[in-house]
Amino acid sequence: MDALVRGLSLGNEAPSFAMWRWQEPRIESARAALARMFGCDPEEMAVVRNASEALETCLLGLPLKAGDQVLATDQDYPRMLTALRQRQRREGVELVTFPIPTPPRDARQLVDAYAERITPRTRVLLVSHVINLTGLVMPVKEIVALGRRHGCEVIVDGAHAFAQLPFTRDELGCDYYGTSLHKWLFAPIGTGFLSVRREKIAGLWPLMAAPAEMDADIRKFEEIGTHPAAPHNAIVEAVAFTEALGVPRKAARLRYLRERWMSRLAALPRVRFLTSRDPALSCGLGSFALDGIAVEELGRRLLEKHRVFVTPIVRDDFQCVRVTPSVYTTLAEVDAFCDGVERIARA
Ligand SMILES: Cc1ncc(COP(=O)(O)O)c(C=O)c1O
């Protein structure tokens with residue numbers, strides 16, 4: 001926040017010299033820091049404004065023709081599905097969505113759900129690294145490998161994964177990865193990245209036009225006109241903070257907090273979990289339902305009576321409350337949440 005505020009003041013008060021000569025070139029420091037953390041070359045890292053910008057660049061910018069199919073689950077983020085539906089209306093590219101078990105038995109079930117639906121017309125798979133509705137961690141590595149075997153591009157939505165879970169680009173093997181940085185990296189709102197493997201850059205159109213000389217330059221995805229440099233420069237501070245914590249330690253703490261409330265609520269007869277407790281399929285986010293009480297009502301009582309804010313998720317296929325502690329959440333706070341659910345369950 002301090003870096004953001006300082007940068008905003010400078011950019012808006014000083015002559016444009018400051019923005020163009022001092023501030024904007026520092027995007028290269030953010031690029032280098034993010035590339036180091038993600039495990040790619042800086043020339044494969046575009047600094048953008050959020051996951052939506054990163055992923056819509058891929059979803060709208062890959063050259064596809066009428067009749068080509070894109071596969072996505074019906075739990076992928078609504079904005080991404082909206083982008084694909086617009087492409088469907090505009091160009092006749094077909095979006096095929098399918099349900100996934102909630103919670104799944106194992107990773108295999110999720111990979112099979114994609115594999116069963118691949119046809120000779122499938123060109124692109126969209127996969128969320130972490131499903132925002134329940135916190136399910138998807139087997140991205142296996143889905144990327146599946147896509148590669150079938151000659152499909154695989155776009156990974158990492159909005160909830162980057163800086164929550166430890167991984168590198170090469171562990172996943174992916175070519176396209178987009179994320180926001182205001183969630184788990186704690187960078188300012190209005191920051192994200194799009195990483196595109198070097199040999200794929202020229203084949204992906206940017207959302208905003210760039211000159212032909214930039215065709216193979218990752219910076220073509222940053223051609224957005226005048227914008228504040230302060231948010232992207234503050235990313236450097238957020239990376240330093242996260243590296244000091246260490247993402248593996250952060251993930252271990254988040255799993256510990258999730259297990260603390262889940263193991264306690266598991267003793268309540270009416271509780272059902274919609275997130276697997278298998279550490280391979282989950283990290284900090286968890287979701288549950290309390291049979292006999294609507295999730296909106298559960299959320300309302302937790303907030304009004306117990307001062308705990310959770311996210312009620314209401315869909316046709318399932319309802320749950322998503323619980324999202326972070327590294328600053330204390331054990332006393334997690335226990336207070338459990339006390340609240342227990343009281344509601346017994347009422
Ligand atoms: C899985 C997932 N993808 C994409 C997004 C979009 O992120 P943003 O609004 O920061 O662009 C979100 C936001 O919550 C998300 O949870």
**Report entry** Which listed residue, of ILE235, ILE224, ILE189, is open to solvent by 60 Å² or more (accessible area, probe 1.4 Å) and in contact (Cβ under 8 Å) with a residue 24 or more places away in the chain
**Finding:** ILE189
Query raised in the report: Could you list, in sequence order, the residues of the range 50-73 that are assigned to a loop (DSSP other than H, G, I, E, B) and buried (at least 19 other Cβ atoms within 10 Å of the Cβ)?
Result: ASN50, LEU62, LEU64
Query raised in the report: Quick check: is even one residue across the range 147-158 within 15 Å of the ligand (Cβ to nearest atom), assigned to a loop (DSSP other than H, G, I, E, B), within 17 Å of the chain's Cα centre (by Cα) and modelled with pLDDT of 95 or more?
Result: yes
Query - Hey, GLY61 assigned by TED's automatic domain parsing to the domain that holds HIS227 and on the phi > 0 side of the Ramachandran plot or not - result: no
Report task. Working only within the range 172-208, note down all residues that are β-branched (Val, Ile, Thr) and more than 14 Å from the ligand (Cβ to nearest atom). Result -> VAL196, ILE201
Query - Pick from the range 201-210, criterion open to solvent by less than 60 Å² (accessible area, probe 1.4 Å) and out of contact with any strand residue (DSSP E or B) (no Cβ under 7 Å at 6 or more places or on another chain), ranking: farthest from ALA238 (Cα to Cα) - result: GLY203
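Which residue, of SER282, SER287, is surrounded by 17 or more Cβ atoms within 10 Å (Cβ to Cβ), within 25 Å of ASP106 (Cβ to Cβ), of a type in the set (Ser, Thr, Tyr) and touching a Leu at 6+ places or on another chain (Cβ under 6 Å)?
SER287
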**Report entry** In the range 74-121, residue nearest to the chain's Cα centre (by Cα) [restricted to those that are open to solvent by 40 Å² or more (accessible area, probe 1.4 Å) and among the acidic types (Asp, Glu)]
**Finding:** ASP74
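To keep it simple, each residue is scored yes or no on (1) modelled with pLDDT under 95; (2) surrounded by 13 or more Cβ atoms within 10 Å (Cβ to Cβ).
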| residue | (1), (2) |
| --- | --- |
| VAL5 | no, no |
| PRO15 | yes, no |
| GLN23 | no, yes |
| ILE27 | no, yes |
| GLY39 | no, yes |
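The values are calculated or read from the model by the stated rules, or taken from the named source; none is laboratory data. Everything numeric in this text was worked out from a predicted model, so none of it was measured. A quick note on method: Cβ atoms are made from the backbone with ideal geometry, for glycine too, and the neighbour counts reach across all protein chains shown. Heads up: the accessible areas ignore ligands, DNA and RNA and are worked out on the full protein's heavy atoms, side chains in. Shrake-Rupley method; radii C 1.70, N 1.55, O 1.52, S 1.80 Å.
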